[in-house]
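Below is one structure, written out as structure tokens; comments come after it.
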Amino acid sequence: MTNAVEVRNVSKLFKLHHERNQSLKSAIMRGRISRYEEFTAVNDVTFDVKAGSTFGLIGSNGSGKSTLLKCLARIYSPNKGSITYNGRMAALLEVGSGFHHELSGKENIYLNGSILGMSKKEIDSKYDEIVDFSGVEQFIDQPIKNYSSGMYVRLGFSVAISVEPDILVADEVLAVGDEAFQRKCLDKFKDFKMSGRTVILVSHSMESIKDMCDQAAWLEKGNLQVVGESKDVVSQYLKSLG
Amino acid sequence: MSYIKDVFGSRELMLNLAVREIKGKYKKTILGQLWSLANPLALMLVYTFVFAFVFRVTPGPGNPSGIDSFALWLLCGLLPWLFFARALSAGVQSLVANESLIQKVYFARVVLPISDVVAIGYNWLFEMLVLLVALVIAGAKVWITLPYLLLIMLLMFVFAVGLSLILSIVNVYFRDTEHLISIALQLWMYLTPVIYPLSLVATQSEKMGPLFGSNITLMDVYSLNPMEQFINVFRTVLYDVTAPSATSLLTCFLWSFVSLALGVLIYSKKDKNLAEAL
């Protein structure tokens, strides 16, 4: 089996600013722009994600998994190492990115879709599906500031999931909407898997990791502890917690 | 090179973001798009009153067009200037204002300032159309110089985009930039022949002669301002209705090219680090 994503020696450092002179005055007065210590959020992480598999990232708070996820989503660029993708990648870290409150649901589908990298043609062909999945047909021409928070996230999720990338990088956004909508989302993820796509996700719910993922990686303080079968990794992680 | 390809691939997103700006701006207003004319018209009334009526500034009739109206003469320079000023003030904040988007989704960040300038350019286009109609009614045969007008508008747009790119990045690291730029733009306007004719500066320059024993005149220093060149070409094309000199056009082209090249260069270097710098 080929690899969908290859993560090689990825490190990500952050600057912990003791002072950061973001104004011209302070920069000149202090004679420098900033003084900082480096903090390693992700340290020399290497793993492969097989094409068509679902891969989970686990770890306690501050373990660096969100930073790694952002590197995978190309929002951060790693200081060292490289990440190679075989196929089109899309990230789902937040629903409804770039929604404009004054615009209608329909206009926002097109806007959000193009932010996520879809062409107008693609959105046209998926438009009905998106509206259908979100369940907000009735209000699609209303400005979304009038939407309930549930409708808002459902619409956002529907657009995001319709991107149909080869590789989907997702944060814990699975828990949106009511019970019925969550079930629809889970089904959608299963469809995703069935059609041979790769999913990488971060979750705190060990149940959903065991349930959905084939493989998992456990991070602790930026270091990779274990990579392997999700059940094994989860049980080792839980054991370490005591 | 791959960076430029990436940017080109995002043109649809850029247009969508520009449409978001344009549609969102005048939503729920009764006058809608007409509001974009309100500001230039108000300024025109004030400046015409102060400069043409109180100070008696006379730019003289357009040569060879023969139109003689301070208000029209003013608008030929004021509309491009207002576009430039608005583009810069919007462009400078474009990254900081879209912070949450940048931290959640990957896309070529360069589309943010460009789409802001495009949205402002759209309003400008609308204003210029109204001005063209007014000029035609006043008897100027502006269709003769229309190709020049389109060219200089394009160059002006590119110049504004380039500067916006540079400023938006600087503003991420120094948040003073957006406040500084609003003051700088006010000063800059008075250093540019927008509300007074260039001939007044030329007269002063001649009176003063060479500065400090060198052979540099006031006019030479004054002409270093790129906006002086742009505004002059706009006036030549719209008010005088004649072809601008090749030197002026070339100068404008160079300024646009340099500012865009610098902007793209900075972006291709900083683009990746923006999410954490914000």
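The values are calculated or read from the model by the stated rules, or taken from the named source; none is laboratory data. The model shown is predicted, which means the values in this text are computed figures rather than measured ones. Cβ sites come from the backbone with ideal geometry, for glycine too, and all protein chains shown count toward neighbours. We work out accessible area using only protein heavy atoms, side chains counted, and drop any ligands, DNA or RNA first. Shrake-Rupley method; radii C 1.70, N 1.55, O 1.52, S 1.80 Å.
Among residues of region B:91-125 being within 19 Å of B:Asn39 (Cα to Cα), crowded, with 21+ Cβ neighbours inside 10 Å and of a type in the set (A, V, I, L, M), the one that is nearest to the other protein chains (Cβ to nearest Cβ) is B:Ala119. Check region A:222-233 and report whether any residue there is part of a helix (DSSP H, G or I) and surrounded by fewer than 18 Cβ atoms within 10 Å (Cβ to Cβ). Yes, there is a match, as at least one residue in region A:222-233 is part of a helix (DSSP H, G or I) and surrounded by fewer than 18 Cβ atoms within 10 Å (Cβ to Cβ).
If you check A:Gly98 against the conditions, is it within 10 Å of chain B (Cβ to nearest Cβ), free of Cβ contacts under 8 Å to residues at least 24 places away in the same chain and open to solvent by less than 40 Å² (accessible area, probe 1.4 Å)? Yes; evaluated as a whole, the condition is true for this residue. Going through (1) modelled with pLDDT of 85 or more; (2) open to solvent by 40 Å² or more (accessible area, probe 1.4 Å) one by one, B:Leu72 falls short only on (2).
Checked against the criterion of being among the aromatic types (Phe, Trp, Tyr) and surrounded by 21 or more Cβ atoms within 10 Å (Cβ to Cβ), the candidates A:Phe139, A:Phe157 yield just one match: A:Phe157.
The set of residues in region B:147-169 that are over 18 Å from the mean Cα position of the chain (by Cα) and either open to solvent by less than 70 Å² (accessible area, probe 1.4 Å) or among the hydroxyl-bearing types (Ser, Thr, Tyr) (or both) contains only B:Ile169. Can B:Leu125 be described as at pLDDT 95 or above and under 28 Å from B:Leu250 (Cβ atoms)? In short, no. For first residues located in region A:140-166 and free of Cβ contacts under 8 Å to residues at least 24 places away in the same chain, partners that are surrounded by fewer than 20 Cβ atoms within 10 Å (Cβ to Cβ) and lie 6+ apart or on another chain with Cβ distances below 7 Å form the pairs A:Met151/A:Phe139. Please tell me if B:Ala38 is away from chain A (no Cβ under 14 Å), of a type in the set (Gly, Ala, Ser) and surrounded by 17 or more Cβ atoms within 10 Å (Cβ to Cβ). No, not satisfied.
Considering region B:230-246, and only residues there that are open to solvent by 30 Å² or more (accessible area, probe 1.4 Å) and not β-branched (Val, Ile, Thr), the residue that is nearest to B:Asn63 (Cα to Cα) turns out to be B:Asp240.
Of everything in region A:121-136 that is under 21 Å from the mean Cα position of the chain (by Cα) and within 16 Å of A:Asp178 (Cβ to Cβ), the residue that is least open to solvent (accessible area, probe 1.4 Å) is A:Ser134.
Can you tell me how many residues in region A:190-206 are among the hydrophobic types (A, V, I, L, M, F, W, C) and either open to solvent by 50 Å² or more (accessible area, probe 1.4 Å) or assigned to a helix (DSSP H, G or I) (or both)? Going through region A:190-206 one residue at a time, the tally reaches 3. Of the residues that sit in region B:209-246 and are of a type in the set (Ser, Thr, Tyr) and either over 20 Å from the mean Cα position of the chain (by Cα) or modelled with pLDDT of 90 or more (or both), which one is farthest from B:Leu82 (Cα to Cα)? Among those residues, the one meeting the criterion is B:Ser214. Within region B:247-255, is even one residue at pLDDT 90 or above, open to solvent by 50 Å² or more (accessible area, probe 1.4 Å) and more than 20 Å from B:Thr145 (Cβ to Cβ)? Yes, that holds for at least one residue. Looking at region A:51-138, none of the helices (runs of 4 or more DSSP H) lying wholly inside it contains 3 or more residues that are modelled with pLDDT under 85. Can you find a residue in region A:104-120 that is in contact (Cβ under 8 Å) with a residue 40 or more places away in the chain and surrounded by fewer than 20 Cβ atoms within 10 Å (Cβ to Cβ)? The answer is yes, given that some residue of region A:104-120 is in contact (Cβ under 8 Å) with a residue 40 or more places away in the chain and surrounded by fewer than 20 Cβ atoms within 10 Å (Cβ to Cβ). If you check B:Gly60, B:Gly32 for being away from chain A (no Cβ under 14 Å), at positive phi and either touching a His at 6+ places or on another chain (Cβ under 6 Å) or open to solvent by less than 50 Å² (accessible area, probe 1.4 Å) (or both), only one passes: B:Gly60. Under the condition of being open to solvent by less than 10 Å² (accessible area, probe 1.4 Å), more than 15 Å from B:Val158 (Cα to Cα) and among the hydroxyl-bearing types (Ser, Thr, Tyr), the residues counted in region B:256-278 number 1. The set of residues from region A:207-221 being buried (at least 18 other Cβ atoms within 10 Å of the Cβ) and part of a helix (DSSP H, G or I) comprises A:Ile209, A:Met212. Contact map, region B:257-278: residues that are farther than 13 Å from B:Ser168 by Cα paired with residues that are open to solvent by 50 Å² or more (accessible area, probe 1.4 Å) and not in a helix (DSSP H, G or I), Cβ distance under 9 Å, separation 6+ or inter-chain. Pairs shown: B:Lys272/A:Arg74; B:Ala275/B:Lys104; B:Ala275/B:Tyr106; B:Glu276/A:Lys15.
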